[in-house]
Amino acid sequence: MARFWVCVAGAGVFLAFLVLHSRFCGSPVLRNFTFAVSWRTEKSLYRLDVDWPKHPEYFTGTTFCVAVDSLNGLVYIGQRGDNIPKILVFTEDGYFLRAWNYTVDTPHGIFAASTLYEQSIWITDVGSGFFGHTVKKYSSFGDLVQVLGTPGKKGTGLNPLQFDNPAELYVEDTGDIYIVDGDGGLNNRLIKLSQDFMILWLHGENGTGPAKFNIPHSVTLDSAGRVWVADRGNKRIQVFDKDTGEWLGAWNNCFTEEGPSSVRFTPDGKYLIVAQLNLSRLSFVAAPPVGSIGECSVISTIQLADQVLPHLLEVDRKTGAVYVAEIGAKQVQKYVPLNSYVPAFGS
């Protein structure tokens, strides 16, 4: 199986390098297409780490999500399939550590919320079985700590809180939690919870207007206290004030072909990385200054091969490395920055 990566040497000029990777030879999925990564704009920001992970044979299912514990140098991957471990744990260098499958039905999103005092892994579960339609907190070894929602039962309620296909979450260093609930289910809402799981504010209507959603799929924060939501069905990104929930604006102009699937900031806050699932594309968008949302401006892109399907991504807040969960290719890949980044906010 051959893998390509392409790096721009100047505007409109590129060099292609062929890298043989024997680890793909046994994959019936990957044998069906050529793996290509191309830098299509003038500014190259990242390169593919072709040696990550060291043990890709542990990818035995469909990889839907990835989380990075930057403090401890660990990478958590959620995969789906029958009779397989649902959560895989690797080091940032690519070595496999362990796997666990306790009380996880069908993982969709995953987030590592580690501090000096606690290592926590949060998972959104969209399964139809006993553990589905929940947001769950685990220890780094898979011990279940907290369950939000009614296991195995979808709903729209707020007291008690219920979910229907919760897509993703982001946990602030303060412990506050931001959840996008509604990957094609009953709900289309953004919820902010306090660290003791009280609802602080929410936006919960289906629609196309401001603060309304159609499949809110990913959520992240920036250092200016703004919440960014991938409003996938509406082909836009919406922005809110993290303290009040006030709608601040939206980006509509960059996603006319397909809505965003995942959103994360680089550690220096200069770029918002956006994944588009069916286009198999990663875009690096210039982050707006404080006090302005402005227009979306793509600085660089990584174009993957057809049917790679990048679903959700995560960024290491210390190193700037980007990990992409690809449901078509059934793997997670790592991209490393060409230039060093300053430490992330809150790291």
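The values are calculated or read from the model by the stated rules, or taken from the named source; none is laboratory data. Just so we're clear, the structure is a prediction, and the values are computed from it rather than from any experiment. Note that we place each Cβ from the backbone using ideal geometry, even for glycine, and neighbour counts take in every protein chain shown. Just the protein is used for accessible areas: all its heavy atoms, side chains included, with ligands, DNA and RNA removed. Shrake-Rupley method; radii C 1.70, N 1.55, O 1.52, S 1.80 Å.
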Taking the residues in the stretch 124-148 that are among the hydrophobic types (A, V, I, L, M, F, W, C) and at pLDDT 95 or above as candidates, determine which candidate is farthest from residue 72 (Cα to Cα). 126
Within the stretch 119-153, take every residue that is hydrophobic (A, V, I, L, M, F, W, C) and crowded, with 18+ Cβ neighbours inside 10 Å and give me the one that is nearest to residue 198 (Cα to Cα). 148
Qualifying residue in the stretch 109-118 (condition: at pLDDT below 95 and open to solvent by less than 10 Å² (accessible area, probe 1.4 Å)): no
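Rundown of residues vs (1) at positive phi; (2) open to solvent by 10 Å² or more (accessible area, probe 1.4 Å); (3) of a type in the set (Lys, Arg), yes/no style:
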{"position": "266", "(1), (2), (3)": "no, no, no"}
{"position": "275", "(1), (2), (3)": "no, no, no"}
{"position": "281", "(1), (2), (3)": "no, yes, yes"}
{"position": "297", "(1), (2), (3)": "no, yes, no"}
{"position": "304", "(1), (2), (3)": "no, no, no"}
{"position": "307", "(1), (2), (3)": "yes, yes, no"}
{"position": "320", "(1), (2), (3)": "yes, no, no"}
{"position": "325", "(1), (2), (3)": "no, no, no"}
Among (1) farther than 18 Å from residue 324 by Cβ; (2) at pLDDT 95 or above; (3) open to solvent by less than 60 Å² (accessible area, probe 1.4 Å); (4) not hydrophobic (A, V, I, L, M, F, W, C), where does residue 57 come up short? (3)
Any residue in the stretch 74-81 that is touching a residue at least 60 places away in the same chain (Cβ under 8 Å), among the aliphatic types (A, V, I, L, M) and farther than 26 Å from residue 184 by Cα? yes
Looking for whichever is part of a loop (DSSP other than H, G, I, E, B), open to solvent by 10 Å² or more (accessible area, probe 1.4 Å) and touching a helix residue (DSSP H, G or I) at 6+ places or on another chain (Cβ under 7 Å) here; the options are 174, 208. Which one fits? 208
The one condition residue 314 fails out of (1) in a loop (DSSP other than H, G, I, E, B); (2) open to solvent by 10 Å² or more (accessible area, probe 1.4 Å); (3) on the phi < 0 side of the Ramachandran plot is (1)
Which one of these does residue 292 not meet: (1) open to solvent by 20 Å² or more (accessible area, probe 1.4 Å); (2) in contact with a strand residue (DSSP E or B) (Cβ under 9 Å, 6 or more places away or on another chain); (3) closer than 19 Å to residue 218 by Cα? (3)
Of all residues in the stretch 138-168, which are touching a residue at least 40 places away in the same chain (Cβ under 8 Å) and small (Gly, Ala, Ser)? 140, 142, 167
Which residues, counting only those in the stretch 86-114, are without any contact (Cβ under 8 Å) to a residue 60 or more places away in the chain, closer than 19 Å to residue 133 by Cα and touching a Pro at 6+ places or on another chain (Cβ under 8 Å)? 86, 87, 101
Of the candidates 67, 99, the one satisfying the condition of being assigned to a strand (DSSP E or B), among the small types (Gly, Ala, Ser) and crowded, with 22+ Cβ neighbours inside 10 Å is 67
Could you tell me which residue of the stretch 154-171 is nearest to residue 196 (Cα to Cα), considering only residues that are in contact with an Asp or Glu (Cβ under 7 Å, 6 or more places away or on another chain) and part of a strand (DSSP E or B)? 166
Would you tally the residues in the stretch 265-292 being in a strand (DSSP E or B), under 17 Å from residue 229 (Cα atoms) and under 16 Å from the mean Cα position of the chain (by Cα)? 11
Going by the conditions given, is residue 187 farther than 23 Å from residue 292 by Cβ, open to solvent by less than 20 Å² (accessible area, probe 1.4 Å) and part of a loop (DSSP other than H, G, I, E, B)? yes
Single residue of 163, 197 found to be modelled with pLDDT of 95 or more and open to solvent by 20 Å² or more (accessible area, probe 1.4 Å): 197
